[in-house]
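The values are calculated or read from the model by the stated rules, or taken from the named source; none is laboratory data. As the structure is a computational prediction, the values presented were derived from the model and not from experiment. Neighbour counts are summed over all protein chains in view; Cβ atoms, including those assigned to glycine, are modelled from backbone coordinates with ideal geometry.
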Amino acid sequence: MTQPKFKVKRGDLVEVMTGQSKGSRGAVERVLLQEGRVIVTGVRTVMRHIRPNAQCLEGKVLRTLSIHVSNVAVFDPTTNAPGRVEYRIDASGEKKRFFKGTDTVVGAR
């Protein structure tokens, strides 16, 4: 089986498109390729109750759950809206990600 490829990479600013956290934005902490999911900072955080131990005396831990990759879109700061991403070869011959609507490079500051 081939490894799936996503247009969402670690560090990208994304916006949640569907679900309970719709409209919230955050950076991608981790991409789970085999599950087809991403973990986004500050989105879908829940309180988990565990047995108290030396690291957590009160027995409550905040965890960030994953979101399916189809429910997030890369955020385009030039248009202040989520945008679609495509791969292209730039003038120097490097393969880069571009926003389809604005033709700007993803992650370029």
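Structure above, values below:
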| quantity | calculated |
| --- | --- |
| So Asp103, is it more than 26 Å from Gly36 (Cα to Cα), of a type outside the set (Ser, Thr, Tyr), touching a residue at least 12 places away in the same chain (Cβ under 8 Å) and out of contact with any Gly (no Cβ under 6 Å at 6 or more places or on another chain) | no |
| Criterion violated by Thr79 - all others in (1) in contact with a strand residue (DSSP E or B) (Cβ under 6 Å, 6 or more places away or on another chain); (2) surrounded by 12 or more Cβ atoms within 10 Å (Cβ to Cβ); (3) of a type outside the set (Gly, Ala, Ser) satisfied | (1) |
| Residues that are in a strand (DSSP E or B) and either over 17 Å from the mean Cα position of the chain (by Cα) or under 20 Å from Gly26 (Cα atoms) (or both), drawn from the range 83-109 | Val85, Tyr87, Arg88, Ile89, Lys95, Lys96, Arg97, Phe98, Phe99, Val105 |
| Search result, residues across the range 87-109 that are surrounded by 13 or more Cβ atoms within 10 Å (Cβ to Cβ) and among the charged types (D, E, K, R) | Lys96, Arg97 |
| All positions within the range 32-49 that are outside any strand (DSSP E or B) and either exposed (fewer than 12 other Cβ atoms within 10 Å of the Cβ) or in contact with a Leu (Cβ under 6 Å, 6 or more places away or on another chain) (or both) | Gln34, Glu35, Arg44 |
| Hey, Arg25 more than 17 Å from Phe6 (Cα to Cα) and modelled with pLDDT of 90 or more or not | yes |
